[in-house]
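**Student:** Here's a structure for you.
The values are calculated or read from the model by the stated rules, or taken from the named source; none is laboratory data. These numbers were taken from a predicted model, which means no experiment stands behind them. Positions of Cβ are generated from backbone atoms using ideal geometry, with glycine treated the same way; all protein chains shown enter the neighbour counts.
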Amino acid sequence: MNHNIKGLSMNNVSDNRNFKSGNDQRINQRSFVLNGIASAQMALRLGYALGTVFVLCASNTYAAVINNSTKTLEQQQAAQTNVAALPAITVKAEQDDTYAGGQVATSSNVGFLGSKKFLDTPFNTISYTDKYIEDKQAKDITEVIAATDPSIYTNGASGGWSENYYIRGYASSTNDMSMNGLFGITPFYRTSPEMFSRVEVLKGPSALLNGMPPAGSVGGTVNLVTKYAADESFARLTTTYMSDAQFGGHVDVGRRFGENKEFGVRINGMYRDGDAAVNDQSKESRLFSLGLDWQGERARVFVDAYDALDHVDGVTRGVNVSTAVGIPKPPKADTLLSPDWGSVETKDKGAMIRGEYDFSDQLMAYAAYGQSTTQYKYNGASAGTITSSTGTLSSMLGQLAFEVDKKSADAGFKGKFETGPVKHQWVANATYYNHAQDDYGYRIIPGFSKPVITNIYDPNPNWGPKPEFTPPFLLHSTLSTSSFGLADTLSFAQDKVQLTLGLRHQTVKATSSVNTLPENAKSATTPGVALLIKANDKISVYANYIEGLTKGDQAPATASNAGTIFPPQKTKQQELGLKVDLGTFAHTLSAFEITKPSSYLDASQLVDNLPTFVSDGEQRNRGIEWSFFGSPIEHVRLMGGFTYLDPELTKTNGGGNDGHTAVAVPKNQAKLGAEWDTQVAQGTLTLSGNINAVSKQYINAENTLSVPGRTLLDVGARYSTKVENHPVTFRANIYNLTNKAYWAQPQLTNLALGAPRTYMLSVSYDF
């Protein structure tokens, strides 16, 4: 397989999202459609039309898939997502670009440096394949990246308003996911993975490599690589089930056209709906995506578009707890601690186009542009506090809606030359990003000013009537970033020593209609340097130092100073690492330090019973990571590792919390995922297990309250065979096998219940 389509560059682009609330008369007063959104919608309509044509044509191509019976099931699964070199498109064998078992790719995209092999990357990266995503039956990106990676932490809650994960101890915003290297295109809060062939994680600040992440994430970035048609026509139908009564299906089809197969079409459609494992909770998800590509001798063009919906009834919302009460025993794992009538809905649309042109073997130019819109609405509990040791819960009701439009662009050049014995691989690029957002909401809904009193241990709480959704306008905000980046990788001694030097000049401007100052703006030039030494063909040692500019945090709607934007800030990372690649099995050992100014909701500063969002000092995370993936012995695959993290608060206001551990972050994480294959009848049976152990997490900066650590166990099995020469795979997974009830900290509040035991089943059939 080959994802490096003639030097395909993956850099950052825009975030362009929009909202239309349930109160059409009020919220439709404003139009949030930016220039070019019409073209994105046109691309989506074109996708539906092309999908219809494709389905009519696909029946003529099934024979080609069936006749490919000499390939293994894993090879066929791997081949579907890869387009190789021109003019004729060929697909490499699985073992050429994935580790044994096909779970992890041997290379990852490293921002504007392009795709790099594992041993040639002076950063800690991992790239999950679509085979891994399918076998995990992942429903969002967090379920992919947090399952076995010890440097990624998630609270494990189900049915929240957003995905939730930390990388190297820093909360990462879902808005900072990139699609094909471009920020601002992916769905806003939750992304279903069906349209992606790779999910790539780069750990540590990435400002030099990608430009500044729009939402300011510094622990790492996640890049989503879309699917394109492979050389051979492909069609797969997958039916799914998830407890308690959620059913769905996924269709994935692809075909190439033209004398040299220069035109490609890839279509993915998904729909899921039904009751979830949490009581009184149901989920609905919908996705349609289109991937088009054209590959000429020197030029390449790629177009992606999608339309997505995510809806949750009985949305999970965290609760607060006072120091006087302490941490109560968690109720049953399937308990809903929010109104059963509460709901959250996010509608996303996005489109992007990118092109490349090879002037020569030494020079390539590329450019990309993308837009997206998001429409979001939330109706439910806005703040809930446990007020007694017996579990009394006092909740206020609230409503939130927003519309956001995002757009961005990226253009640059990549080249190579030699100066004597030194090889140079250089890149220069410029990025632009802009979003405009309007927020709507009630902190206190008229007619619902009194708190709703329930109990966390009550199996049938009375939440009262559902308020009509009529949120008023609150504030308008914008964010604009632009940057210029330049880097050169110098290679010495037959590429055994590689030195990367780079600079990026970044400008950030933020506005808010409730800010006392009209604009927060800052420019900075930040350096990056990375050194990699290949001791031999199996071992590399690397070190890096990166500075970055991150936007100042904005106070959330649940804060007393909602909408206030703090000035942009600088972040720094230092890292030293060792990589070992044994061919079928690989290890990474790294030590790092990341510093970032910190912000949080301060419950000690209450205004109108709401906490104040403050920028209070600095957080310094030091850690050691060991991770591994691949097949140490035949028919066995292992993924996992261990992380020790010291997330320390420094330079806090008045020094009161200096030396304390940052909230919501465990100091220790250990994870292990294992698979074992055996031949049964006319197919392959695979048994799997996953263990996830984390230490305690503090829920306040004073470190007076903490939730205990936990160990969760997942098990699974799948059977791959053929039915009338058509590949078929049956999958079954059980998550949280012991149905353990545990507390974890979500975004914005102190406590949330982790997901209960959940059953997942699926059947995939290749036509």
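**Student:** So, in the stretch 717-762, of the ones that are β-branched (Val, Ile, Thr) and surrounded by fewer than 16 Cβ atoms within 10 Å (Cβ to Cβ), which residue ends up nearest to Gly391 (Cα to Cα)?
**Tutor:** The extreme case among them is Thr738.
**Student:** Still on this structure, I have one more. Give me the residue from the stretch 512-528 that is buried (at least 16 other Cβ atoms within 10 Å of the Cβ) and under 25 Å from Gly485 (Cβ atoms) and, out of that set, modelled with the highest pLDDT.
**Tutor:** Out of the qualifying residues, it is Gly528.
**Student:** Taking the stretch 721-741, which residues are β-branched (Val, Ile, Thr), out of contact with any Lys or Arg (no Cβ under 7 Å at 6 or more places or on another chain) and not in a loop (DSSP other than H, G, I, E, B)?
**Tutor:** Thr721, Val723
**Student:** Next question. Among the residues of the stretch 150-159, are any surrounded by 24 or more Cβ atoms within 10 Å (Cβ to Cβ), closer than 30 Å to Ala367 by Cβ and in contact (Cβ under 8 Å) with a residue 24 or more places away in the chain?
**Tutor:** No.
**Student:** Which of the residues that make up the stretch 192-210 are in a strand (DSSP E or B) and under 26 Å from His505 (Cα atoms)?
**Tutor:** Selection gives Glu200, Val201, Leu202, Lys203.
**Student:** For the stretch 166-194, which residues satisfy the criterion of being among the aromatic types (Phe, Trp, Tyr) and touching a Gly at 6+ places or on another chain (Cβ under 6 Å)?
**Tutor:** Hit for the stretch 166-194 is Tyr170, nothing else.
**Student:** Which one is farthest from the chain's Cα centre (by Cα) among residues in the stretch 573-616 that are among the hydrophobic types (A, V, I, L, M, F, W, C) and within 20 Å of Asn703 (Cα to Cα)?
**Tutor:** Leu606
**Student:** In the stretch 395-424, how many are among the aliphatic types (A, V, I, L, M), touching a Gly at 6+ places or on another chain (Cβ under 9 Å) and closer than 30 Å to Ser449 by Cβ?
**Tutor:** The number of residues fulfilling the criteria is 4.
**Student:** Of everything in the stretch 405-458 that's more than 29 Å from the chain's Cα centre (by Cα) and among the small types (Gly, Ala, Ser), which residue is modelled with the highest pLDDT?
**Tutor:** Gly415
**Student:** For the stretch 428-477, name all the residues that are buried (at least 17 other Cβ atoms within 10 Å of the Cβ), closer than 30 Å to Ala411 by Cβ and not charged (D, E, K, R).
**Tutor:** Residues satisfying the conditions are Asn429, Thr431, Tyr432, Tyr433, Asn434, His435, Ala436, Gln437, Ser477.
**Student:** So, one more: Suppose the filter is surrounded by fewer than 22 Cβ atoms within 10 Å (Cβ to Cβ), under 29 Å from the mean Cα position of the chain (by Cα) and not in a loop (DSSP other than H, G, I, E, B); does Ala367 pass it?
**Tutor:** It is true that Ala367 is surrounded by fewer than 22 Cβ atoms within 10 Å (Cβ to Cβ), under 29 Å from the mean Cα position of the chain (by Cα) and not in a loop (DSSP other than H, G, I, E, B).
**Student:** Another question, if that's okay. Check whether at least one residue in the stretch 443-455 is part of a strand (DSSP E or B) and among the hydrophobic types (A, V, I, L, M, F, W, C), and report yes or no.
**Tutor:** yes
**Student:** Out of all the residues in the stretch 676-720, which are of a type in the set (D, E, K, R) and in a strand (DSSP E or B)?
**Tutor:** Asp677, Arg710, Asp714, Arg718
**Student:** Okay, next question. Going by the conditions given, is Ser590 crowded, with 17+ Cβ neighbours inside 10 Å, of a type outside the set (Asp, Glu) and either part of a strand (DSSP E or B) or at pLDDT 90 or above (or both)?
**Tutor:** yes
**Student:** Could you say which residue among Pro666, Pro708 is under 23 Å from Ala171 (Cα atoms) and under 26 Å from the mean Cα position of the chain (by Cα)?
**Tutor:** Pro666
**Student:** Are any residues in the stretch 465-501 among the aliphatic types (A, V, I, L, M) and under 30 Å from Arg443 (Cα atoms), and if so, which ones?
**Tutor:** Leu474, Leu475, Leu479
**Student:** Being modelled with pLDDT of 95 or more and not in a loop (DSSP other than H, G, I, E, B) is the filter here; which residues of the stretch 459-475 pass it?
**Tutor:** Answer for the stretch 459-475, where residues must be modelled with pLDDT of 95 or more and not in a loop (DSSP other than H, G, I, E, B): just Phe473.
**Student:** Among the strands (runs of 3 or more DSSP E) contained in the stretch 211-293, which hold 1 or more residues that are buried (at least 24 other Cβ atoms within 10 Å of the Cβ), small (Gly, Ala, Ser) and out of contact with any Phe, Trp or Tyr (no Cβ under 7 Å at 6 or more places or on another chain)?
**Tutor:** So the answer is 220-226, 263-276.
**Student:** Criterion first (touching a residue at least 12 places away in the same chain (Cβ under 8 Å), aromatic (Phe, Trp, Tyr) and out of contact with any helix residue (DSSP H, G or I) (no Cβ under 8 Å at 6 or more places or on another chain)) does Tyr440 satisfy it?
**Tutor:** no
**Student:** Quick check on the stretch 635-660: of everything there that is assigned to a strand (DSSP E or B) and polar (S, T, N, Q), which residue is modelled with the lowest pLDDT?
**Tutor:** Thr650
**Student:** Taking Ile699 as meeting all but one of (1) surrounded by 15 or more Cβ atoms within 10 Å (Cβ to Cβ); (2) closer than 21 Å to Lys139 by Cα, write down the number of the exception.
**Tutor:** The number of the failed condition is (2).
**Student:** Here is a further query. Could you tell me which residue of the stretch 301-312 is surrounded by the most Cβ atoms within 10 Å (Cβ to Cβ), considering only residues that are of a type outside the set (Val, Ile, Thr) and under 20 Å from the mean Cα position of the chain (by Cα)?
**Tutor:** Tyr306
**Student:** Confirm whether Lys416 is crowded, with 20+ Cβ neighbours inside 10 Å and in a strand (DSSP E or B).
**Tutor:** Considered against the rule, which asks whether it is crowded, with 20+ Cβ neighbours inside 10 Å and in a strand (DSSP E or B), Lys416 comes out as no.
**Student:** Out of all the residues in the stretch 363-409, which are over 20 Å from Trp463 (Cα atoms) and among the basic types (Lys, Arg)?
**Tutor:** Correct list: Lys406, Lys407.
**Student:** Separate question: Among the residues of the stretch 664-682, is there at least one that is surrounded by fewer than 18 Cβ atoms within 10 Å (Cβ to Cβ) and at pLDDT below 95?
**Tutor:** yes
**Student:** What pairs can you find where one residue is in the stretch 379-392 and outside any strand (DSSP E or B), the other is of a type in the set (A, V, I, L, M, F, W, C), and their Cβ atoms are less than 7 Å apart, with a gap of 6+ or different chains?
**Tutor:** The qualifying pairs are Thr387/Val325; Ser388/Val325; Ser389/Val325; Gly391/Ile456.
**Student:** Out of the residues in the stretch 451-510 that are in contact with a strand residue (DSSP E or B) (Cβ under 6 Å, 6 or more places away or on another chain) and of a type in the set (D, E, K, R), which is nearest to Asp280 (Cα to Cα)?
**Tutor:** Lys509
**Student:** Could I ask something else about it? Which one is surrounded by the most Cβ atoms within 10 Å (Cβ to Cβ) among residues in the stretch 313-331 that are of a type in the set (Val, Ile, Thr) and over 18 Å from Gly156 (Cβ atoms)?
**Tutor:** Among those that are of a type in the set (Val, Ile, Thr) and over 18 Å from Gly156 (Cβ atoms), it is Val321.
**Student:** Let me ask something else. Can you tell me how many residues in the stretch 293-329 are touching a helix residue (DSSP H, G or I) at 6+ places or on another chain (Cβ under 8 Å) and free of Cβ contacts under 8 Å to residues at least 60 places away in the same chain?
**Tutor:** 0
**Student:** Can you list residue pairs whose Cβ atoms sit under 8 Å apart, with the first residue in the stretch 706-721 being under 15 Å from Ile734 (Cα atoms) and the second being at pLDDT below 95 and crowded, with 20+ Cβ neighbours inside 10 Å? Count only pairs 6 or more apart in sequence or on different chains.
**Tutor:** The qualifying pairs are Leu712/Gly156.
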